[in-house]
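Heads up, the thing below is written out as structure tokens.
The values are calculated or read from the model by the stated rules, or taken from the named source; none is laboratory data. Note that this is a predicted model, so its numbers are computed, not measured. Neighbour counts run over all protein chains shown; Cβ positions are idealised from the backbone, glycine included.
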Amino acid sequence: MSRSLTDVAPAVLVPAAWALALGAHVSPLVSRHVLLVGLSVMTVLLGAFAVLARGEMTGPVLAVWQGVVVVGFVVTLVGAVDLAVTSDADPALPVTLYGWMIVPALAYVATAAEMDPPFNRIYLGGAVLALAGAATYGLAGSDVDAAVGIAAVGLGQTAGIVAAVYQNPGTGG
């Protein structure tokens, strides 16, 4: 079966988003402006996806992920607005970062509960890695610790989304 861009795009967008987050922490190339543009694009994509896929995201697993998309839209919008209206402090930006670390990880736990092996183990492993990454980031004593935490979240969530794309036979188009 052929797959549409919307079927496979998440497997590219999730690691790209975490690469941007990591870059914002470790690279001068990811400025506040670059991060604002990234969050703005993500907000638009999430909003469009939430509206356009609303009728298709049903059942125990997809309904959970529809919730992730809606919550993700809100927390990403909060981060974008924070960057746009504050000059340096970015007091609400951690809401965006921790929201994206924790909410999908919890959804992977719920997804694992509905899946058979080996996918249940991939989703659960991705959740554990993402939550461990969030804890590492939260307890980070150095920039290296923070980077390791973000990388762990990105790897865990990428494993889950790649498994989901693999499981999704696509709708054609």
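Every test in (1) modelled with pLDDT under 95; (2) over 24 Å from ALA152 (Cβ atoms) is passed by VAL37 save one, and that test is (1). Scanning segment 152-167 for residues that are in contact (Cβ under 8 Å) with a residue 24 or more places away in the chain and over 13 Å from the mean Cα position of the chain (by Cα), we see that the one that is surrounded by the fewest Cβ atoms within 10 Å (Cβ to Cβ) is GLN167. Please enumerate the residues belonging to segment 42-58 that are assigned to a helix (DSSP H, G or I) and surrounded by 15 or more Cβ atoms within 10 Å (Cβ to Cβ). Result: MET42, THR43, LEU45, LEU46, GLY47, PHE49, ALA50. Taking the criterion of being touching a helix residue (DSSP H, G or I) at 6+ places or on another chain (Cβ under 7 Å) and surrounded by fewer than 17 Cβ atoms within 10 Å (Cβ to Cβ), the only residue of segment 79-89 that qualifies is ALA84. Screening VAL70, VAL14 for residues that are in contact (Cβ under 8 Å) with a residue 40 or more places away in the chain and either at negative phi or not aliphatic (A, V, I, L, M) (or both) leaves exactly one candidate, VAL14. Of everything in segment 84-108 that is outside any helix (DSSP H, G or I) and either hydrophobic (A, V, I, L, M, F, W, C) or closer than 16 Å to LEU129 by Cα (or both), the residue that is modelled with the highest pLDDT is ALA92. Of the residues making up segment 134-148, those that are part of a helix (DSSP H, G or I), modelled with pLDDT of 95 or more and either crowded, with 21+ Cβ neighbours inside 10 Å or not β-branched (Val, Ile, Thr) (or both) number 7.
Here is a yes/no grid of residues against (1) within 20 Å of TRP18 (Cβ to Cβ); (2) crowded, with 20+ Cβ neighbours inside 10 Å:
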position: PRO60; (1), (2): no, no
position: TYR98; (1), (2): yes, no
position: MET115; (1), (2): no, no
position: ALA132; (1), (2): yes, no
position: ILE150; (1), (2): yes, yes
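Selection of first residues in segment 26-43 that are within 14 Å of LEU97 (Cα to Cα) and of second residues that are polar (S, T, N, Q) and assigned to a helix (DSSP H, G or I), restricted to Cβ pairs under 6 Å at least 6 apart or on distinct chains, gives the following pairs, ordered by first then second residue: LEU39/THR76; MET42/THR76; THR43/THR76.
Per the listing VAL75, VAL71, the residue uniquely surrounded by 15 or more Cβ atoms within 10 Å (Cβ to Cβ), over 26 Å from PHE119 (Cβ atoms), of a type in the set (Val, Ile, Thr) and modelled with pLDDT of 95 or more is VAL75.
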